[in-house]
Each structure stands twice: as C-alpha cells, then as structure tokens.
Amino acid sequence: MMNVSEDKWCSMQEIIRPYNEMTLCLERVSRILFCFYPNTIVEELFLQTHSHFFGACFRDEFTDPPPALLLTLTLLSVALIPVLVYFCCAVLVLAVVVRMIKSRKPH
C-alpha cells in the first residue's frame, strides 16, 4: 500500500491489488505471532491499518429508492411467486403424464 500514492488510496481500481497483498501480509504476521482471529489485538491492528489508509475516504450513503420504484419491485416479486408455483406444478404434472405413458407402452 505504501507504493500507492496517497491521492489514490480511495480509488478501488488503484488499491485493490496492494490492498489484497496488505491483507495477506497482516494475516501472515498474525499467524506467525499466533494471534488468530477473532482476537482483539488482530482486530485492532486491522482497524488501525484501515483507519490509516482509508480514514480520509468518503463513502456514499445509501438512500432509499423512490416509493414508486420500491412498490413496483415488491409487487413484481410477489406476482412472480404464483407464476413460478404454476410453472413447477405444470412441469410436475407433465413429468407424471410422460412417465405414465411410457409405463403403458408394451416393450
């Protein structure tokens, strides 16, 4: 992470590989010191490291979707349930009918 300039610490594309290497390094160090997770010392080390590198990064807060979109997506999901139940029942009936037809054919 130290090879990445500070102005790029908040850019996921720039830090993803160094961040992975840093995480693996921290895990190795904790393993060498026999400080396995969950452990307050290891947890504190991870938090301090994240605070150092990503403390200045802002994050976008999640917002609720507009009520109309939320209602539409909810109703769509609920409406799909009977369709899926009907489809599954139809497939099951079809499988039973095909099996009955095959069992009645003389060999």
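The values are calculated or read from the model by the stated rules, or taken from the named source; none is laboratory data. All of these numbers come straight from a predicted model, not from anything done at the bench. Cβ atoms come from the backbone with ideal geometry, glycine included; neighbour counts cover every protein chain shown.
Return yes or no: is F58 within 23 Å of the chain's Cα centre (by Cα), modelled with pLDDT under 85, surrounded by 11 or more Cβ atoms within 10 Å (Cβ to Cβ) and within 30 Å of V4 (Cα to Cα)?
no
Can you name every residue in the range 24-44 that is of a type outside the set (K, R) and modelled with pLDDT of 85 or more?
L24, C25, I32, E44
Out of the range 17-36, which residues are over 19 Å from S51 (Cβ atoms) and of a type in the set (A, V, I, L, M)?
Matches in the range 17-36: L24, I32, L33.
Given M12, M2, which one is at pLDDT below 80 and aliphatic (A, V, I, L, M)?
That would be M2, the only listed residue that is at pLDDT below 80 and aliphatic (A, V, I, L, M).
Pick out the one residue from L94, L47, L75 that is of a type outside the set (K, R), under 30 Å from M2 (Cβ atoms), modelled with pLDDT of 85 or more and surrounded by 10 or more Cβ atoms within 10 Å (Cβ to Cβ).
None of the others qualify; the one that does is L47.
Which condition breaks for L70 when tested against (1) modelled with pLDDT under 90; (2) part of a helix (DSSP H, G or I)?
L70 satisfies all of (1) modelled with pLDDT under 90; (2) part of a helix (DSSP H, G or I) except (1).
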